[in-house]
Amino acid sequence: MTVEPELPRGVAAETALSFHPVPWPHGPAEQFAAGRRAAGAALAAAGSADRVVPRAPDGRPVFPRGFPGSISHTERLAVAAVVPGAQAVGVDIEDTAVTERMARFVFRRRERQTLLAPAGEYSPGELFVAKEAAFKALNAIAVLGDFVFWQIQLSRSGDVLRASYGGASVPVRVRSQTDLSLAVAIRR
């Protein structure tokens, strides 16, 4: 049985989030199809008449005009987020543990010291999905050029994470439950 995570606190009410299980044998083709089904359902919930999300030559999903969205998946669960009228949206879901070695590579020293426990309140998995979701949202703007997700800088701003790169930023909200972390980044 696949458990769907709850929407992170503070995510805009107009955010349409849809989950779809990845069927057996849980391979890339099944993950892709589950992601597109989740995207179609999120588009329907957001009020879009167009519910097909083709793939761009670079592999990114192409959402209908006026309905920016994002897709992510694990081996067992796909998620899509659509936010009508937003400039860019990023979503990420992960069910794998972030090792200490990965954390040292992906997170800057300041992020590890201020955002991770014990000084901060976030887990390594939450910060990882935050960077991935922010990467998708910031990359959708298409003015930042090529960059990799770990170059994004995370900081805390009130009750939300703020992800920044190249002068652009996006708020990111995260939610975790046992063995599953979800992040949504929405740029207005």
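Check the range 159-167 and report whether any residue there is among the acidic types (Asp, Glu) and under 22 Å from ASP95 (Cα atoms). Within the range 159-167, not a single residue is among the acidic types (Asp, Glu) and under 22 Å from ASP95 (Cα atoms). For the range 36-52, enumerate the residues that are at negative phi, over 19 Å from the mean Cα position of the chain (by Cα) and of a type in the set (Gly, Ala, Ser). If the condition is that a residue be at negative phi, over 19 Å from the mean Cα position of the chain (by Cα) and of a type in the set (Gly, Ala, Ser), then ALA44, SER48, ALA49 are the ones that fit.
Is at least one residue of the range 24-41 modelled with pLDDT of 95 or more, closer than 14 Å to VAL83 by Cβ and outside any loop (DSSP other than H, G, I, E, B)? There is at least one residue in the range 24-41 that is modelled with pLDDT of 95 or more, closer than 14 Å to VAL83 by Cβ and outside any loop (DSSP other than H, G, I, E, B). Hey, any hits in the range 56-70 for a residue that's touching a residue at least 60 places away in the same chain (Cβ under 8 Å), within 15 Å of VAL129 (Cα to Cα) and either part of a strand (DSSP E or B) or not acidic (Asp, Glu) (or both)? Yes, the range 56-70 contains a residue that is touching a residue at least 60 places away in the same chain (Cβ under 8 Å), within 15 Å of VAL129 (Cα to Cα) and either part of a strand (DSSP E or B) or not acidic (Asp, Glu) (or both). For the range 71-109, filtering for residues that are touching a strand residue (DSSP E or B) at 6+ places or on another chain (Cβ under 8 Å) and in a helix (DSSP H, G or I) leaves 1.
Within the range 22-35, residues that are on the phi < 0 side of the Ramachandran plot and crowded, with 16+ Cβ neighbours inside 10 Å sit with their Cβ atoms under 9 Å from residues that are in a loop (DSSP other than H, G, I, E, B) and hydroxyl-bearing (Ser, Thr, Tyr), at 6+ positions apart or across chains, in these pairs: VAL22/THR2; VAL22/THR74; GLN31/THR74.
Checking each residue in the range 1-15 for being buried (at least 20 other Cβ atoms within 10 Å of the Cβ) and either of a type outside the set (Val, Ile, Thr) or without any contact (Cβ under 8 Å) to a residue 12 or more places away in the chain (or both) picks out only PRO8. Candidates in the range 86-103 are the residues that are among the small types (Gly, Ala, Ser) and in contact with a Lys or Arg (Cβ under 8 Å, 6 or more places away or on another chain); of these, the one that is surrounded by the fewest Cβ atoms within 10 Å (Cβ to Cβ) is ALA103.
Looking across LEU7, LEU77, one residue alone is under 14 Å from the mean Cα position of the chain (by Cα), modelled with pLDDT of 95 or more and among the hydrophobic types (A, V, I, L, M, F, W, C). It is LEU77.
Here's the yes/no breakdown for (1) within 21 Å of PHE105 (Cα to Cα); (2) hydroxyl-bearing (Ser, Thr, Tyr); (3) without any contact (Cβ under 8 Å) to a residue 12 or more places away in the chain:
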{"site": "PHE149", "(1), (2), (3)": "yes, no, no"}
{"site": "GLN153", "(1), (2), (3)": "yes, no, no"}
{"site": "TYR165", "(1), (2), (3)": "yes, yes, no"}
{"site": "VAL170", "(1), (2), (3)": "no, no, no"}
{"site": "SER176", "(1), (2), (3)": "no, yes, no"}
{"site": "ILE186", "(1), (2), (3)": "no, no, no"}
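Scanning the range 59-74 for residues that are at negative phi and over 18 Å from the mean Cα position of the chain (by Cα) returns PRO64, ARG65.
The values are calculated or read from the model by the stated rules, or taken from the named source; none is laboratory data. Model, not experiment: these values are computed from the prediction. Positions of Cβ are generated from backbone atoms using ideal geometry, with glycine treated the same way; all protein chains shown enter the neighbour counts.
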